[in-house]
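To keep things clear, I will list the structure first and then write my remarks on it.
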């Protein structure tokens with residue numbers, strides 16, 4: 001009887017100790033779900049996201065891998081049964097995936113900032129995991145893989161249209177058609193292939209791309225006496241150069257591949273051999289394309305031209321009685337918006353008249369037409385004078401002036417550069433036009449990211465207005481210079 005009671009009590013204890021089966025996922029399934037969601041987000045990322053949110057994607061990957069390493073022994077355990085302190089990292093990884101999803105679906109400055117702040121919290125979580133003896137990757141460089149120095153994909157498609165005959169060439173008469181017993185099938189369209197742009201040997205680029213230097217910082221990355229860690233990028237595999245707390249790899253640039261116009265995510269796999277298993281970490285890089293993009297530069301130019309016209313004043317009469325001299329003075333203002341050209345004006349004596357004993361004699365009038373001092377700035381004043389030669393003569397003088405009117409007429413034009421290509425090596429130079437008062441710069445980076453910037457004459461340009469693009473002025477400020485630069489990171 002005592003043995004039966006003891007056996008029953010033992011069965012109750014065992015049943016109480018064992019975990020009840022849970023309906024939720026296991027730890028391995030939770031980790032797989034986190035990785036699958038992040039891979040989906042990476043596949044949906046556009047060019048803007050691949051640049052601005054790369055640190056957030058990296059942090060999510062490193063945290064997920066760190067959790068997987070620390071859950072390898074009990075991966076089949078129900079996730080809901082984990083203690084609170086172990087579930088905290090999973091909650092943060094899940095939250096970061098959610099924030100990244102929100103940034104993809106509702107892009108904006110606020111969403112990007114929230115993702116980067118969450119990534120900083122995840123980095124703090126990673127540092128908190130460094131206290132155990134499990135492998136841990138805290139960070140790695142570089143963020144961006146530089147573009148290739150020589151791009152073999154630079155091609156130009158041939159013109160498939162026949163060349164038009166020159167206008168001065170003699171046309172050739174077509175041959176006479178020959179009767180055919182049956183219609184022949186139309187020839188198949190000729191396949192058109194792209195021709196290399198730099199086909200001549202003297203124009204081919206000869207530069208070799210230097211290897212990409214990757215440095216990984218973390219803890220317990222190399223086991224003492226064991227095989228060195230291995231990094232795989234594409235088809236390339238290489239062993240690490242081990243330093244305290246660091247791993248270094250020199251990866252050929254060709255292993256990352258490249259796109260001619262767009263950025264791309266590339267994942268490298270770091271493998272650490274730990275008995276009895278291999279521990280892996282996924283390292284995410286953004287690869288810069290061969291061609292940085294294009295731009296257009298428009299300028300609004302305001303110049304001034306002179307417009308002229310001739311003004312003939314009304315005729316002015318000065319009449320004097322016998323033996324007296326009379327002067328008539330008149331002042332004239334230019335029409336609104338015009339001004340008198342001081343170098344091109346003259347007085348005109350229309351007629352001089354004289355009488356004595358009712359006999360007309362023009363020689364009896366010694367009168368004149370003269371310019372007089374102006375009463376107001378910009379005026380023209382003339383004096384018409386009737387002056388007798390002899391005491392008993394009556395006189396009359398008719399005069400006027402002629403002057404050239406001038407005014408400044410503004411002419412507004414727009415100078416467009418057209419679409420110009422950016423190059424990683426050669427800067428693009430755009431001179432500022434004389435009289436430029438306003439400009440607008442359109443930048444299309446990596447065939448996906450569009451930016452517009454505007455400014456006015458005399459306002460300094462920022463040194464960098466967009467990632468990977470340096471802007472400066474040369475030639476005394478009269479030349480705009482755009483230089484694509486891989487070192488200008490977001």
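Compute the FRET efficiency between residue 130 and residue 454 as 1/(1 + (r/R0)^6), taking r as their Cβ-Cβ distance and R0 = 51 Å, and round to the nearest 0.05. Numbers along the way, then the final one.
Values: r = 49 Å, r/R0 = 0.95.
Working from the Cβ atoms, E equals 0.55.
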Calculated FRET value between residue 438 and residue 489, using beta carbons and R₀ = 45 Å, to 0.05: 0.90
Using only the alpha-carbon atoms of region 303-409 as identical scatterers, what base-10 log of I(q)/I(0) does the Debye formula give at q = 0.22 Å⁻¹? -1.02
Using 7 Å Cα-to-Cβ label points, what is the residue 324/residue 149 separation (nm, one decimal)? 10.2
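Exposure proxy check: 26, 305 ranked by fewest other beta carbons within 10 Å? All intermediate terms of the calculation are to be shown ahead of the outcome.
Details: 26 18, 305 9.
Neighbour counts put them in this order, fewest first: 305, 26.
For residue 381 and residue 333 in the same chain, what is the full-extension length gain: residue separation times 0.36 nm, less their Cα-Cα distance, in nm? Walk me through the numbers before you get to the answer.
Values: separation 48, 0.36 × 48 = 17.28 nm, distance 0.90 nm.
Stretched out fully, the residue 381 to residue 333 stretch lengthens by 16.4 nm.
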For residue 254 and residue 105, compute 0.36 nm times the residue count separating them, minus their Cα-Cα distance, and round to one decimal in nm. 50.3 nm
Percent of alpha carbon pairs in region 24-133 separated by more than 16 Å? 56
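FYI, it's all coordinate maths here, none of it is from the lab. These numbers come from a predicted model, not from an experiment. As a convention, Cβ positions derive from the backbone with ideal geometry for all residues, glycine included, and neighbour counts pool all protein chains shown.
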